[in-house]
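J.: One structure follows; several queries about it will come next.
Each value in this text was obtained by applying a stated rule to the coordinates, not by laboratory testing. The model shown is predicted, which means the values in this text are computed figures rather than measured ones.
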Amino acid sequence: MRSPTRTNSPIQRVNMTPMIDVVFLLIIFFLVSSHLARREIRYPVELAATATGERIDTGDAFITVTIDAQHQVRMSGVVVSVGQMQTRIRQKRDAIGRDAAVRLRIDRSVPFQFVRPVLTALTEAGIRRVGLASEAIR
């Protein structure tokens, strides 16, 4: 037998489907973003050690460029030439905005003669904010 219900009270039910969809989308977003972040620093380089410096605000949009001990330039884990890097930087700068910044991860054994073309290409690509990654001396 059915229990009596009130005719004047609205039936309150919570639809969980949209909430579950949002949670799954957030999980996917964080998985993909963490994968891309790991991919940028997957190739370990021995960074220069410094006693002074500033911590970079992690809220900014950074483009990471790595120069390893073999003098290879890498973006997103892929070896690129300086010309290809400049083209990719321009595309990413247009997507991010004019205030895009580049973080350079350079192996400490790389001479400046291999860094200079990269810095020149960044300037020609319209990048005005360049940060050099380093390790703090403890």
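J.: Between N15 and R129, what is 0.36 nm times their sequence separation minus the Cα-Cα distance? Round to one decimal in nm.
T.: Gain on stretching N15 to R129: 36.3 nm.
J.: Quick check: residue separation of R55 and V32 times 0.36 nm, minus the Cα distance between them. What number comes out in nm? Walk me through the numbers before you get to the answer.
T.: On the way: separation 23, 0.36 × 23 = 8.28 nm, distance 2.49 nm.
Additional length available on full extension: 5.8 nm.
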